[in-house]
Structures are given as C-alpha cells and as structure tokens.
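Student: Following this message is one structure expressed as structure tokens.
The values are calculated or read from the model by the stated rules, or taken from the named source; none is laboratory data. Keep in mind the model is a prediction, meaning the values are calculated, not measured. Here the Cβ positions follow ideal geometry from the backbone for every residue, glycine too, while neighbour counts run over all protein chains shown.
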Amino acid sequence: MSNLDFNNYFDDQSPDDMNRRIRKYRRAVQSRKNPNELPSPDIIEDLVNYCLDNEKFVEAGEFANLWLEYYPYSSEAHTKKGLSALNLDMYETAISSFDNALKFNPNDSEILIYKADALESMNELIIAEQTIEFVLKLDPHNDDAYLIYGSILQKKADYDEAIRIYNFIVESEDHKQEALQELAVCYTILSEYEKAIDCYNQLIDEDPYDFEQWFNLSLVYSYNNQYEKAIDCLDMTLAIEEDYYPAIVQKGDNYSAIGKLAEAIEFYELSTEYVPFDKDVARNLASAYADNEQFGHAIKLFTKLIEKHPYNYQAYFGRGICLDALEQFDSALDDYNRALEFNQSVAELWYAKGDTHYNLSQNYEAITAYKKVIEIDPFNIECMEDLGRLYLDLNMLDYSEEILTECLSLTPNHSEVSYLIGKIHSFNNRFKSAAKYFFNAFSINKDLILLFDEERSDYKKNNVNIRKLRNAIEEYKSQQSK
C-alpha cells in the first residue's frame, strides 16, 4: 500500500475500520511471521501519527520501533517513540528517545521541550529547568517552553516566579486557558483567593458550560469561607453535569460548614447512591448526623466505617464523641484509646480523652491527657485553662499558677484566667498580688464579680479572710484611679 493509499484510507474509513487495521498491524509486528503483513515504510510515519493523535500510545510505541528498524537515523522516529513513552509515564524511555533524536538536531526546541516535560515529570527539576532555559535562549518567544517552565517552578514551590512566567503567555491565543488555569492554581496555593477567583471567572467567560471550572471556582470560594457562593457554583456545576460526584460531595461539605446539617445530610446521602461506601463521605455523613445530635445514626455509620476500615482512627474518634454526648463515658474512652493506637498526634483526640477522664472523676488521667494536648498544641489556651482549673480543684496550686500564668501571657485580656490566678494567690494569702488579678478580671468581665460572691465557700474552705481580700482589691482599685 502506498502512502497515498494509506492517507486516502485514513481519510475515508471509519474509526472502527482503522482500529481493525491497527489490530492487524500490531499482530503482524508482534509475531513477525509474515513480513508482507507489516505496515510498510511508506505508511509507518502516518500510522504512528494517527495512533498518537488518537491516544493509542502503546500502539504508537510499537510502530515507532518498527519505524526505527526501517530508518534508524530518523530524528522524527525517535521523537515519536519518546512521545508515546511520555504519554505512558515511561519517562526514562522517553528521555532516552529524545536524547537519540537530539543527536541529529541538538537545537530542536520542540524536542528539548518534550525532554524537559519528561524530566519535570521525574522530578529532575534542575536539569529540566536548565533544558528550558536553553530553549528560551534559542527561542525567547516560545510559549510552549514558558508553559513547561511555569510547571517546573510550581514543583519547586516558587509560585511567585511561576506566576510571573504564566503572565508572559496569558494573552497568548493558544495558551491562554492553560495559563489562566495554572495562575488560578498558584494564587490558590498562595491564598490569594480573589485573584484565583478572577482567573476562574475568565475561564468561565470563555466557556460558560465548562462544569469543571465552575467546580474549581466553588473550591476557591470554600477555601475563602464564602460557602454560599461556593454552593451557587456547585449548583451551576450540577446543572451542567448532574451526576458529577465530587460536586455532590462538596455541596454536602459546604452545607455542613454553614451549619445547614439537614441539607448536608441530604447531599451526603445522595452521594452514597453514586459511590456506595466512600470512606471520607461516610465519615462526613456520620459527623453531620452527630453535629445534628442524631447520635444513633452517627454511631451506626461510624461502626460500619470501623468494620470496613478497622485502622481508621477518625471513625473511632467520631464514635467516641457520640458516646460521650450520650454520657456513655467508659465506651467513649475505649474508642478514644483505640483511636490513639493509630494516631497519637491529634490534639483534639487527647482533649476529648481528657474531658472524658474528668467526667469519670479520673483526674490524674485527665491531667496526663491535657498535658499531651499542650505538648502537641502549645498555644491551646482553652486546654491550658482547663488544666489550670483541674490543678486548682486538686489544690495543686503551684502547678495551677504555672500553667495559668503561661496562658495569661499568651492572652493578657483573658478575664477568667486572671480571676483564677487571683483565686490561687488569695488561697496562698498573697492578697496584694491577688487584688491585681481580680481587679483586671472584674474590669474586663463584670459577671466575675458575681462569681466571686457565689464562690465564698471556696475561699472560706481555704481559710481566706474575705474582708482583707476585699479591702486589698479596693485599695488596688483606688491606686489605679489616681
């Protein structure tokens, strides 16, 4: 068959006919029983190009090898073999093929860009960048090179420079959409959400029916805590592509974020019709039931999740929270301890465990858990306060003062903590220093004056002379007003 015959056949025949022809050629190439059945040198290049154009990359690679048997010194054959390998994620083969092609034409910008693409995919970023910089010296206006260069810079986490590069080509007719897409990604990573939103809006202006861009825009709105706008974008996504599963899940997530738990549950339940047991969705659905105080539903879902994923600490944690809410403290503690077998680095988990120990009057175990929270999260003010209160309840005044003083140094206007430190000082008969903390606490939160009166029994139990303490507070107040 001549090259002209092949082109006529290619133009006139249906894809099914072409697929049959390609299968016939593949069998011939693989068996090599009858050389006459092999695609001839006249048509081999067109055959490889057809396979590449139609994403038949395995076939393209096999035919490219035959092409090289016919023409071992063909730069084009080596390049097309490299492209087929690149599209199959066979990066070392791709680079080797591109290097062979470059032996015949070392300054071919197109081949160099392909090679840089393969190097970038292998995370050989230094060589990839050097290759692209060489291309740009040869051809300073090569937009394809800039696009790969931006991708390399993104992988290096040099997002500001990547943005600068993408801005070179954002007005290019051929690359505008890709550049806008990557700019949006960079801006999102840098939390420059308004700029990312502008990029996605431009993409949507170009194609208002691109459901993926509507979905991407919804994600940025979510990251920016603009959940209502995110839901509007998801409505558009689903109007265009009604079965788009990620949008259904995201809609549930956004409703959950704004506290519309019934709606969140509705969309999480809907998502289970598409993917019967998505682990993350099942957990979010169970959490939504828990937040909606439908603890029975939540416990059933968490239990099912544990049966399917017995090492998932989040499922044990979630079920433990539900059991805790139902005051089934021993069972809750069992779940928290099981969760900690798989992950000991979650402050909230230790905090829940500490609270449960406290509810069970297991005070020293609660102290251990609270200390673990602060070890993981040194700025957890709430836990510092709880630990300080617990130490105070146990009359461990020095420990209580130490942690509460640290807490107050982080939040100087924390009235409750000031009050507690004043209480500790008064128990130690340090009325002058106690007066300072009480005064500051009362100045910020006048309700604490009522608490002071309500807790008279605490002070009496610790042999505090209430009259002297009140006089010290009044004296300090008088000094401050001068």
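Student: Evaluate the following for Leu136: is it touching a residue at least 12 places away in the same chain (Cβ under 8 Å), surrounded by 22 or more Cβ atoms within 10 Å (Cβ to Cβ) and either touching a helix residue (DSSP H, G or I) at 6+ places or on another chain (Cβ under 8 Å) or of a type in the set (Gly, Ala, Ser) (or both)?
Tutor: Answer is no for this residue.
Student: Next up: What is the one condition in (1) farther than 21 Å from Asp393 by Cβ; (2) surrounded by 15 or more Cβ atoms within 10 Å (Cβ to Cβ); (3) free of Cβ contacts under 8 Å to residues at least 24 places away in the same chain that Asn440 does not satisfy?
Tutor: (3)
Student: Yes or no: Ala162 within 19 Å of Leu190 (Cα to Cα), at pLDDT 95 or above and not in a helix (DSSP H, G or I)?
Tutor: Numbers: within 19 Å of Leu190 (Cα to Cα): yes; at pLDDT 95 or above: yes; not in a helix (DSSP H, G or I): no.
In short, no.
Student: If we scan region 123-133, do we find a residue that is within 30 Å of Asn225 (Cα to Cα), touching a helix residue (DSSP H, G or I) at 6+ places or on another chain (Cβ under 7 Å) and either polar (S, T, N, Q) or surrounded by 15 or more Cβ atoms within 10 Å (Cβ to Cβ) (or both)? It would help to see each step written out before you state the result.
Tutor: Kept after step one, since they are within 30 Å of Asn225 (Cα to Cα), are these residues of region 123-133: none.
So far as region 123-133 goes, no, none of its residues is within 30 Å of Asn225 (Cα to Cα), touching a helix residue (DSSP H, G or I) at 6+ places or on another chain (Cβ under 7 Å) and either polar (S, T, N, Q) or surrounded by 15 or more Cβ atoms within 10 Å (Cβ to Cβ) (or both).
Student: Next question. Counting only residues that are surrounded by 22 or more Cβ atoms within 10 Å (Cβ to Cβ), within 22 Å of the chain's Cα centre (by Cα) and in contact (Cβ under 8 Å) with a residue 24 or more places away in the chain, give me the helices (runs of 4 or more DSSP H) lying completely in region 270-364 with at least 3 of them.
Tutor: Here the list reads 279-291, 313-325.
Student: Still on this model: What pairs can you find where one residue is in region 64-92 and more than 14 Å from Val48 (Cα to Cα), the other is aliphatic (A, V, I, L, M) and not in a helix (DSSP H, G or I), and their Cβ atoms are less than 7 Å apart, with a gap of 6+ or different chains?
Tutor: Tyr91/Met122
Student: Another question about this same structure. Taking region 31-45 as the search range and keeping residues that are modelled with pLDDT under 90 and in a helix (DSSP H, G or I), which one is surrounded by the most Cβ atoms within 10 Å (Cβ to Cβ)?
Tutor: Filtering region 31-45 for residues that are modelled with pLDDT under 90 and in a helix (DSSP H, G or I), the one surrounded by the most Cβ atoms within 10 Å (Cβ to Cβ) comes out as Glu37.
Student: Filter region 365-396 down to residues that are within 22 Å of Phe329 (Cβ to Cβ) and among the hydrophobic types (A, V, I, L, M, F, W, C) and give me whichever is surrounded by the fewest Cβ atoms within 10 Å (Cβ to Cβ).
Tutor: Checking each candidate, the answer is Leu394.
Student: Sticking with this one: For residues that are aliphatic (A, V, I, L, M) and part of a loop (DSSP other than H, G, I, E, B), tally how many sit in region 112-129. Give the derivation first.
Tutor: Going through region 112-129, the residues aliphatic (A, V, I, L, M) turn out to be 112-113, 116, 118-119, 122, 125-128.
Checking which are part of a loop (DSSP other than H, G, I, E, B) leaves us with 122.
Result for region 112-129: 1.
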